[in-house]
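The values are calculated or read from the model by the stated rules, or taken from the named source; none is laboratory data. If you're wondering where the values come from, they're calculated on a predicted model, not measured in any experiment. All Cβ positions, even for glycine, are placed from backbone atoms using ideal geometry, and neighbour counts span all protein chains on display.
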Amino acid sequence: MKTAAPRRRGERGPLAAFGLHAGLLAATAVALFPPLWLLVTSFKPKSESFSTAVVRDFTVDNYTHVVADTYFLTWLGNSLIVVVGTTLVGVFIAATTGYAISRFRFPGMRPLMWVLLITQMFPMAVLIVPLYNTMASLGLLNQPVGLIITYLTVAVPFCAWMMKGFFDTVPVDIDESGRVDGLTPFGTFWRLILPLARPGLAVTGFYTFVTAWAEVAYATAFMTGEENLTLAGGLQTFVNRYGSDWGSMTAAAVIIAVPAAVVFGFAQRHLVAGLTAGATKA
C-alpha cells in the first residue's frame, strides 16, 4: 500500500490551502462590496437608491445634477488648491527634515524627533478646537492657506519620520563624494540624494495627497459656506438633517474617488519600496 509523501517544512496541506484561499476570497469580497455598491447606486434613479436590485433603470442624472446644479466644480477648485499646496509644501518639509535628522547632529535634534513622534499620538478631533482658535486669531478661517497649514500638521510629522528611515538606507559615502566635488549640504541633498529617494517621495506625496483630498473634520470645521467647501466637505451637503439625496452623494463620491485611484496607480510601484524603507540599513 502506497503511503503519502511527507510534507516539507512549511508546506500547507490541502485543507489549510483551501481555508487560506477561501478566507482571502471572503476578505476580498468584503473589501470590494462597498465601493461596488456605491458605484451601482450612483447610476440608479433617486427613487431606487435603497433598492437591493442591481441597475434596472440606468441613468446618469445623478452625475449631471452634481456637476451642473451644485457647487461641485467650485469644491473641486478649492480642493485642488489645498491638495497641490499641501502636497508640494508637505513633501519638501518632510524630505528636508528627514534628511537633516538622518545626516546631521545639531542642538535640539532629539527634542525635534520627540515632537514629531508625540504629535502623531493625538487624534485629529482633539486638535480641532486649538487649531480653530489659532486660525481664527490669524484670520485664516475660510482660507485655503489655513486648511493647508492644518493638513501639514497632520502629514509632516509622519512623513518626516518615514523619510528619515529612507535616508538612513542611503550610503553616507554619496554625501561625502558630493562635498568632495564642492557641493553645499543642500546641493548634495538636491542633486545626489533626492533622485535616489523617489520611492520615499512617492509614498510621502501619496500620503499627503490622501490626507488633503479625503479629510472631512478640518474641512467642515474651518471652511463654512458652500462656496468655500472642499470636495470632502461638500459631500455632507447632500445628506444632512434637512434631507437625504443619496443618488447625488454616491455620484459625487465616485467622481471624487477617481483622482485618488489615478494617483495611486502612478505611485503604487514605489509604495512597497518606500513603505519598507528603513527596515534594513544599507
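Of all residues in region 250-266, which are within 16 Å of the chain's Cα centre (by Cα) and over 13 Å from residue 213 (Cβ atoms)?
The answer is 265, 266.
If you scan region 133-149, which residues turn out to be over 10 Å from residue 212 (Cβ atoms) and touching a helix residue (DSSP H, G or I) at 6+ places or on another chain (Cβ under 6 Å)?
Our first condition is that a residue be over 10 Å from residue 212 (Cβ atoms); within region 133-149, this holds for 133-146, 149.
If the condition is that a residue be over 10 Å from residue 212 (Cβ atoms) and touching a helix residue (DSSP H, G or I) at 6+ places or on another chain (Cβ under 6 Å), then 135, 140, 141, 142, 144, 146 are the ones that fit.
Cβ-Cβ below 6 Å, separation at least six or inter-chain, first residue in region 21-50 and at pLDDT 85 or above, second part of a helix (DSSP H, G or I) and among the β-branched types (Val, Ile, Thr): which pairs?
Filtered contacts from region 21-50: 38/250; 39/254; 41/250; 42/250; 42/254.
Counting just the residues of region 142-154 that are of a type in the set (A, V, I, L, M, F, W, C) and modelled with pLDDT of 90 or more, which one comes out surrounded by the fewest Cβ atoms within 10 Å (Cβ to Cβ)? Steps first, answer last, please.
Step one: filter region 142-154 for residues of a type in the set (A, V, I, L, M, F, W, C), giving 145, 147-149, 152, 154.
Now narrow it down to the ones that are modelled with pLDDT of 90 or more: 145, 147-149, 152.
On the way: 145: 13, 147: 30, 148: 21, 149: 19, 152: 20.
Residue satisfying both the conditions and the ranking: 145.
Just to verify a result, which residue in region 213-237, among those that are closer than 17 Å to residue 149 by Cα and in contact with a Gly (Cβ under 8 Å, 6 or more places away or on another chain), is surrounded by the fewest Cβ atoms within 10 Å (Cβ to Cβ)?
My answer is 216.
Give me a count of the residues in region 134-155 that are free of Cβ contacts under 8 Å to residues at least 40 places away in the same chain and in a helix (DSSP H, G or I).
5
Yes or no, residue by residue, for (1) surrounded by fewer than 17 Cβ atoms within 10 Å (Cβ to Cβ); (2) of a type outside the set (A, V, I, L, M); (3) not in a loop (DSSP other than H, G, I, E, B):
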residue	(1), (2), (3)
52	yes, yes, no
56	yes, yes, no
64	yes, yes, yes
78	no, yes, yes
87	no, yes, yes
100	no, no, yes
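In the set 247, 278, 205, 243, which member is more than 16 Å from the chain's Cα centre (by Cα), at pLDDT 85 or above and not aliphatic (A, V, I, L, M)?
Numbers: 278 fails: at pLDDT 85 or above; 205 fails: more than 16 Å from the chain's Cα centre (by Cα); 243 fails: at pLDDT 85 or above.
Just one listed residue meets the conditions, 247.
Could you run through region 155-179 and say how many residues are surrounded by fewer than 19 Cβ atoms within 10 Å (Cβ to Cβ) and of a type in the set (A, V, I, L, M)?
Qualifying residue count for the region: 2.
What pairs come out if I take residues in region 119-133 that are over 16 Å from residue 157 (Cα atoms) and pair them with residues that are part of a helix (DSSP H, G or I) and among the hydrophobic types (A, V, I, L, M, F, W, C) whose C-beta lies under 7 Å away, six or more apart or interchain?
Pairs that qualify, where the first residue is over 16 Å from residue 157 (Cα atoms) and the partner is part of a helix (DSSP H, G or I) and among the hydrophobic types (A, V, I, L, M, F, W, C), are 125/217; 128/217; 128/221; 132/221; 132/222.
All but one of (1) surrounded by 11 or more Cβ atoms within 10 Å (Cβ to Cβ); (2) part of a helix (DSSP H, G or I) hold for residue 125, so report the exception by its number.
Going through the list (1) surrounded by 11 or more Cβ atoms within 10 Å (Cβ to Cβ); (2) part of a helix (DSSP H, G or I), residue 125 breaks only (1).
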